[in-house]
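Please treat every number below as a calculation from the coordinates, not as lab data. Every value quoted in this text rests on a predicted model; they were computed, and no experiment measured them. Note: ideal-geometry Cβ built from the backbone for every residue, glycine included; neighbour counts use all protein chains shown.
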Amino acid sequence: MTELLFLNDAYQRTCEATVKAVEAAEGGSSEGTRASVVLDQTIFYYTGGGQPHDTGEISVGGVSFPVTEVRRRDGAVWHTLDVGDSTPPAVGDVVACELDWNRRHDLMRTHTALHILCGVIWNEWGKSVTGGNMDRLSARMDFEFDPLPEGFADRVSELVNAEIAADRPIEVSFLPRGQAVQDEDLIRTKVNMIPESVQEIRVIDIVGLDKQADGGTHVRSTIETGTFAITRTESKGKGNKRVRIALS
């Protein structure tokens, strides 16, 4: 198992960690151009929940290896490294990890913007999310609309930007599963879809607006999100409308 430091502090940019496993990455070997390593703890977010993985560097012995992909498998987080002609880290090595902070912060802003969007649409129209995905400063989210209300894009943009300007604090907490499934807000965001094996639920609360069970990284306040805009809306079938957004 890898301890996920970002669950408690998304602003932690560096850490030291011990290598627990090494294997050849697809397209190379542990002595070739790519290798994957498991660490005992990590600041790197892995691809999941619609959020892309982090990038950055892992260094040992004065040599830095770019982190090109991060995946989770059976509780372990595998960091794919571009090792070039160098020898990759070995089991037992203590390595230094550093995030590409600009990328991480952009993804944090984007993820938070999606939660603000969810809160606004639920409060205004009572519509649930049916899917979504994100990249740096752009994303898409699907909602149970049929059809979209008149003037939807302008109204949503106005409401979301007002919530951003309100500088709402964003809090992270952990609830026992039994308590979480009694929370009506978390039931709305389908906390019951989380596997039964997960007995502690991480909650992201945009205070006074939106509360969701979520494992991703977020900013500390809505004001950090930036300026929100809807770039396009699309129909993805009866009762399913896609909203594309961008931040600046």
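Take residue 229 and residue 13, extend 7 Å from each Cα along the Cα→Cβ direction, and tell me the distance between the two endpoints in nm.
Computed distance between label sites residue 229 and residue 13 equals 2.8 nm.
Using unit Cβ charges (K, R positive; D, E negative) and no other charged atoms, how large, in debye to the nearest 20, is the dipole of the stretch 104-247 about its Cα centre?
Charge dipole of the stretch 104-247: 460 debye, to the nearest 20.
Measure out, as a whole number of angstrom, how far apart the alpha-carbon centroids of the stretch 119-141 and the stretch 1-75 sit.
29 Å
Take the Cα coordinates of the stretch 3-99, assign each an equal point scatterer, and use the Debye formula without solvent to give log10 I(q)/I(0) at q = 0.15 Å⁻¹.
-0.50
Give the order of 241, 127, 236 when sorted by the count of other beta carbons within 10 angstrom, beginning with the fewest.
Placing the least packed residue first, the sequence is 236, 127, 241.
Dipole size in debye (nearest 20) for the chain around its Cα centre, Lys and Arg Cβ +1, Asp and Glu Cβ -1?
It comes to approximately 680 debye.
Hey, which lysines would be in cross-link range of residue 127, C-alpha to C-alpha under 18 Å, not counting anything within fewer than 8 residues on its own chain?
List returned: 190, 211, 236, 238, 241.
Which of 224, 57, 23 has the fewest other C-beta atoms within 10 Å, and how do the rest follow up to the most?
If I rank by nearby Cβ atoms, fewest first, I get 23, 224, 57.
Go through the stretch 169-185 residue by residue and turn each phi into a ³J(HN,Hα) via Karplus (6.51, -1.76, 1.60, θ = phi - 60°); whole Hz please, and just put x for glycine and proline.
These are the phi-based 3J(HN,Hα) values: x, 10, 10, 10, 9, 10, 10, x, 4, x, 6, 4, 6, 8, 7, 4, 5 Hz.
Cα gyration tensor of the stretch 104-247, axes a ≥ b ≥ c as square roots of the eigenvalues: rounded (a/c below 1.5), prolate (a/b > b/c) or oblate?
Judged from the Cα gyration tensor, the stretch 104-247 comes out oblate (a/c at least 1.5, b/c at or above a/b).
Calculated from DSSP H runs of 4 or more alone, at -39500 (n - 2.57) each and per residue, what is the 222 nm mean residue ellipticity of the chain, nearest 500?
Only helices count here, giving -6000 deg cm²/dmol.
Could you name the aspartates and glutamates in cross-link range of residue 20, using Cα to Cα under 13 Å and dropping any fewer than eight places away on the same chain?
3, 40, 93
What base-10 log of the normalised intensity I(q)/I(0) is obtained for the chain from the Debye formula, alpha carbons as equal point scatterers, at q = 0.09, 0.10, 0.11, 0.14 Å⁻¹?
Values returned for q = 0.09, 0.10, 0.11, 0.14 Å⁻¹ are -0.44, -0.54, -0.64, -0.94.
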